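Below is one structure, written out as C-alpha cells; the observations come after it.
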Amino acid sequence: MENCFYPFINTDLAYSFDALEPYIDEKTMLLHHNKHLQAYINNLNSIISCNPQLKKLSLEQLIRNCSKYSQKLQTELRNNAGGVYNHRFFFDGMINSSEYNSDSALAHAINCSFGSFDGFKAEFTKASLSVFGSGYSWLVHNGNILKIKTTPNQNNPLECGFCPILCLDVWEHAYYLKYNNLRADYIHAWFNIINWGRAEQLFEKKVRC
Ligand code: MN3
C-alpha cells in the first residue's frame, strides 16, 4: 500500500472509475473514492496533527496499536485510520480482469478451509449478508489458516491479529445507487471483479497488506 505515513493523501485508484462496470458503476466509484475515502483521509490527518506522537506510525501500526490510547483516540483511530485502510484495501482488491487460479496456494487453502470455491463463495456471501448496518466482510489468514470475519463500521481484523486477504465494503454507500437495498445482488456481482492475483500475493506474503 502506498502512502502509509502521515500526511495521508488520496492516492489514485489503479484503474479508471468506470473500469468495474457493469458490476460497480462509475458514479458509485467516483463518490466512494473522491468523497467518502477523502473524508476519512482528512479526518485522519487532522487527528494526527493534534496528536503528533502518532506521526511516526504507519497506517497499519495506527490500527494494530489503537487499544493503547485513550478511549476517545481509540474510537477516532478505529473509525478513521480504519476508514482509510479499509477503503484502500477494498479498492485495491478489485480489478476488471478477474481470474481465479485454481492451482494457486490460496485456492488450495480455500478448498481445505471451505470444501471448494463454491463453499467459500456461499460462506462469504452469508457472512456479508449478516453484517447488520455498516461494515465489512473479510477473508483473513492467521498463519496458514483461512477464516471469514465480519467487522462493524470501520473496524479492521488487524486489531485482532488477522491478516486481510480480501474485503468487501457492505456499507450502503458502496452499492445503493446501483443496487438500492439489494445487498445480495451487489455481493454476487463483486465476485466477478475480485483481484485474485493480489489476494494470492497477500496470502503468500509476497506483498504487505
Ligand atoms: Mn465505503
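The values are calculated or read from the model by the stated rules, or taken from the named source; none is laboratory data. Quantities reported herein were computed from a predicted structural model and do not represent experimental measurements. All Cβ positions, even for glycine, are placed from backbone atoms using ideal geometry, and neighbour counts span all protein chains on display.
In table form, for the structure just shown:
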read-out	value
Candidates His173, His141, His188 - the one that is within 28 Å of Ala105 (Cα to Cα) and modelled with pLDDT of 95 or more	His188
Criterion (away from the ligand (no atom under 16 Å from the Cβ), of a type in the set (A, V, I, L, M), closer than 21 Å to Val170 by Cα and over 16 Å from the mean Cα position of the chain (by Cα)) met by exactly one of Ala19, Ala39	Ala19
Subset tally (residues that are touching a residue at least 60 places away in the same chain (Cβ under 8 Å) and either more than 19 Å from the chain's Cα centre (by Cα) or outside any helix (DSSP H, G or I) (or both)) for region 109-125	1
Residue satisfying all of: in region 159-169; among the aliphatic types (A, V, I, L, M) and closer than 16 Å to Asn192 by Cα; surrounded by the most Cβ atoms within 10 Å (Cβ to Cβ) among these	Leu168
Per-region count, region 66-99, residues assigned to a loop (DSSP other than H, G, I, E, B) and surrounded by 16 or more Cβ atoms within 10 Å (Cβ to Cβ)	4
Number of positions in region 60-96 that are of a type in the set (Phe, Trp, Tyr) and more than 16 Å from Cys163 (Cα to Cα)	2
Any pair with Cβ under 8 angstrom, 6 or more apart, that starts in region 78-104 at a residue that is within 12 Å of Gly197 (Cα to Cα) and modelled with pLDDT under 95 and ends at one that is within 16 Å of the ligand (Cβ to nearest atom) and in a loop (DSSP other than H, G, I, E, B)	Ser98/Ile193
Residues of region 13-51 satisfying the condition of being among the acidic types (Asp, Glu) and in a helix (DSSP H, G or I)	Glu26
Test: Lys27 is within 30 Å of Tyr69 (Cα to Cα) and charged (D, E, K, R)	no
Region 52-65: number of residues that are under 23 Å from the mean Cα position of the chain (by Cα) and part of a helix (DSSP H, G or I)	7
Test: Ile9 is among the β-branched types (Val, Ile, Thr) and either surrounded by 17 or more Cβ atoms within 10 Å (Cβ to Cβ) or within 16 Å of the ligand (Cβ to nearest atom) (or both)	no
Flag for Asn34 being under 24 Å from Trp171 (Cβ atoms) and at pLDDT 95 or above	yes
